[in-house]
1. Pairs please, first residue from the stretch 14-42 and in a helix (DSSP H, G or I), second anywhere and surrounded by 10 or more Cβ atoms within 10 Å (Cβ to Cβ), Cβ atoms under 7 Å, 6+ apart in sequence or on different chains.
Amino acid sequence: MCKVTTYFANDKKKHSFFTEIVYRVNETVVFSVSFLMNTFLS
């Protein structure tokens, strides 16, 4: 994951729109997973 993030950060000028989408999707997925985990485990 770190390598992917670094790659996108380095390539931000070329793929800024794509990078933005990837970042938002990743944030949403991580948030959803942690939310579900908290819901089921609590």
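The values are calculated or read from the model by the stated rules, or taken from the named source; none is laboratory data. Computed from a prediction, not measured in an experiment: that's the story for all the values here. Reconstructed Cβ throughout: ideal geometry from the backbone, glycine too, with neighbour counts over all protein chains shown.
1. Thr19/Phe8; Thr19/Lys12; Val22/Phe8
Yes/no matrix, rows are residues, columns are (1) surrounded by 10 or more Cβ atoms within 10 Å (Cβ to Cβ); (2) among the aliphatic types (A, V, I, L, M); (3) over 15 Å from the mean Cα position of the chain (by Cα); (4) at pLDDT 80 or above:
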{"position": "Met1", "(1), (2), (3), (4)": "no, yes, no, no"}
{"position": "Phe8", "(1), (2), (3), (4)": "yes, no, no, no"}
{"position": "Thr19", "(1), (2), (3), (4)": "yes, no, no, no"}
{"position": "Tyr23", "(1), (2), (3), (4)": "yes, no, no, yes"}
{"position": "Val30", "(1), (2), (3), (4)": "yes, yes, no, yes"}
{"position": "Ser34", "(1), (2), (3), (4)": "yes, no, no, yes"}
{"position": "Met37", "(1), (2), (3), (4)": "yes, yes, yes, yes"}
{"position": "Phe40", "(1), (2), (3), (4)": "no, no, yes, yes"}
